[in-house]
1. Would you mind stating whether Leu16 is in a helix (DSSP H, G or I), modelled with pLDDT of 75 or more and in contact with a helix residue (DSSP H, G or I) (Cβ under 7 Å, 6 or more places away or on another chain)?
2. Looking at segment 93-118 only, could you name the residues that are part of a strand (DSSP E or B), closer than 15 Å to Leu136 by Cα and either among the β-branched types (Val, Ile, Thr) or in contact with an Asp or Glu (Cβ under 6 Å, 6 or more places away or on another chain) (or both)?
Amino acid sequence: KRVAAEIIDFVVLFYLKIMMTVLVLRHMGYLRDDNLIEVPLDIMPKFDFTEITEMDVEKAFSFTSELIALEIMNRIMITIFETLCLCKGIGGAVGGATPGKRMLGLKVVSCLHVTSQPHGRVLVCPAKDIGFFSALVRSVIKNFTMAFFFPACLTVFIFQHNRAAYDILAKTIVVDARPLQRHA
């Protein structure tokens, strides 16, 4: 469920990222009003080995640094979006879940202590809504490690109770928020 929720969130955030990228490219002058990209082709390396050509290093560096700045801006936007979803909720929904987690019945709650129970269940204490600080810590670690260092989400396979490293550092856990069905 957690992987499916991440895929749903990826699709939602992908569209937000495209909208932001178009706005920034227009502002920087790379995108015309007819939505064609104006990138000088002389910054691209030529792979014609019969004729050795030099690439304008200054233009290439400038373009690359602008792309890096754009990616950092996108990471910040994604972090803000996820933080707001987890602590406040979006569109009148209660906090604790991104759109993907909400659709699949998952919720992020505070967690200082986890006790294993029978039948693969756990008892989470205090299991309350996470505040702004925990949501921000979780979102920053998750989004910036995935972009620049190590996909922190892979740590769910290492830690007990399928907690990712960013969940442990932010003192949170992802739980199934649907009510238990008791068998008579």
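The values are calculated or read from the model by the stated rules, or taken from the named source; none is laboratory data. Here the structure is a predicted model, which means the values were calculated and not measured. Heads up, the Cβs are rebuilt from the backbone with ideal geometry, glycines too, and the neighbour counts pull from every protein chain shown.
1. Spelling it out, Leu16 is indeed in a helix (DSSP H, G or I), modelled with pLDDT of 75 or more and in contact with a helix residue (DSSP H, G or I) (Cβ under 7 Å, 6 or more places away or on another chain).
2. Once the filter is applied, which keeps residues that are part of a strand (DSSP E or B), closer than 15 Å to Leu136 by Cα and either among the β-branched types (Val, Ile, Thr) or in contact with an Asp or Glu (Cβ under 6 Å, 6 or more places away or on another chain) (or both), segment 93-118 yields Val108, Val109.
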